Amino acid sequence: MEWANLILFSLGGRPVVLADLLSSVLGLCCVFLAGRNSKYNFWVGYLYAAALFVLFWTRNLYANLLLQPLSLGINIVGHYRWTHPRENEKSADNKLKVSMLDWKSRAVGLAAVLVCALGWGYVLDALFPADPHPYLDTLVTVLILSAQLLSAMKKWDCWIVWLFVNISQIILHLSVGNMLMSIVSGLYLANGLWSLYSWIKLYKNNG
């Protein structure tokens with residue numbers, strides 16, 4: 001996969017390779033479409049999953065690589081749920097309605113995220129001691145999977161989780177001097193804020 005490491009340009013003194021740029025563009029397109037309530041975000045999501053697989057493979061990031069089948073599975077489930085809603089879940093235009101978690105579900109979900117992040121962080125720290133931020137790494141990863149799962153169920157709360165993900169990623173990438181991903185994470189954050197607003201309108205309009 002030598003093509004994936006083709007250097008396109010430098011940013012902040014660091015080379016930006018084709019795999020970086022491709023995964024960034026696909027990821028942004030995916031969340032942009034999701035925020036606009038478009039089912040086509042899942043088709044882009046499949047390409048995004050493939051791009052991430054190549055990226056992690058070329059970087060020897062096997063811990064992240066092993067999570068991609070789970071992420072792909074969530075994408076497939078979400079694609080089905082969005083396009084095959086039950087009768088009581090349909091909006092006026094026959095799409096899956098936007099819904100919200102109750103406070104009990106939010107508390108349980110937060111506890112599950114913290115437990116999984118701590119457990120996976122401990123394992124990651126033991127297996128890959130070179131990782132400078134194992135617990136922040138795993139927290140971001142678990143939050144991403146949680147946000148994907150909530151998005152698959154079309155829960156408005158997914159955008160709250162995405163905001164935490166985006167802020168964490170900006171901090172993480174700035175800490176290691178990765179300017180490209182810091183900028184990309186900033187764009188994700190802007191999209192998340194807009195999507196938070198647009199989905200609450202859909203929820204109030206029974207959409």
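The values are calculated or read from the model by the stated rules, or taken from the named source; none is laboratory data. Note that this is a predicted model, so its numbers are computed, not measured. Note that we place each Cβ from the backbone using ideal geometry, even for glycine, and neighbour counts take in every protein chain shown.
So here's what we get for this one:
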| quantity | calculated |
| --- | --- |
| Residue in the range 15-36 that is of a type in the set (Gly, Ala, Ser), more than 19 Å from Met179 (Cβ to Cβ) and part of a helix (DSSP H, G or I) present | yes |
| Test set (1) touching a residue at least 24 places away in the same chain (Cβ under 8 Å); (2) among the aliphatic types (A, V, I, L, M); (3) more than 25 Å from Ile76 (Cβ to Cβ) - Leu150 fails condition number | (3) |
| Every pair of residues 6+ apart whose Cβ atoms lie under 6 Å, when the first sits in the range 100-118 and is over 24 Å from Asn205 (Cα atoms) and at pLDDT below 95 while the second is of a type in the set (A, V, I, L, M) and surrounded by 12 or more Cβ atoms within 10 Å (Cβ to Cβ) | Val113/Val142; Cys116/Val142; Ala117/Leu139; Ala117/Val142 |
| Residue among Leu96, Leu127, Leu55, Leu26 that is at negative phi, surrounded by fewer than 18 Cβ atoms within 10 Å (Cβ to Cβ) and modelled with pLDDT under 95 | Leu127 |
| Single residue of the range 74-93 satisfying the filter (surrounded by 14 or more Cβ atoms within 10 Å (Cβ to Cβ) and among the small types (Gly, Ala, Ser)) that is farthest from Met153 (Cα to Cα) | Ser91 |
| Test: residue in the range 52-62 that is assigned to a loop (DSSP other than H, G, I, E, B), of a type in the set (S, T, N, Q), out of contact with any Gly (no Cβ under 9 Å at 6 or more places or on another chain) and over 21 Å from Lys155 (Cβ atoms) | yes |
| Residue list for the range 144-197, restricted to those being polar (S, T, N, Q) and touching a helix residue (DSSP H, G or I) at 6+ places or on another chain (Cβ under 6 Å) | Ser146, Gln148, Ser151, Asn166, Ser168, Gln169, Ser182, Ser185, Asn191, Ser195 |
| Single residue of Ser151, Ser168 found to be assigned to a helix (DSSP H, G or I), within 15 Å of the chain's Cα centre (by Cα) and closer than 26 Å to Pro85 by Cα | Ser151 |
| Residues satisfying the stated conditions in the range 154-182, i.e. in contact (Cβ under 8 Å) with a residue 60 or more places away in the chain and surrounded by fewer than 18 Cβ atoms within 10 Å (Cβ to Cβ) | Gly177, Met179 |
| The listed residue being touching a residue at least 60 places away in the same chain (Cβ under 8 Å), β-branched (Val, Ile, Thr) and in contact with a helix residue (DSSP H, G or I) (Cβ under 9 Å, 6 or more places away or on another chain), out of Val54, Val31, Val44 | Val31 |
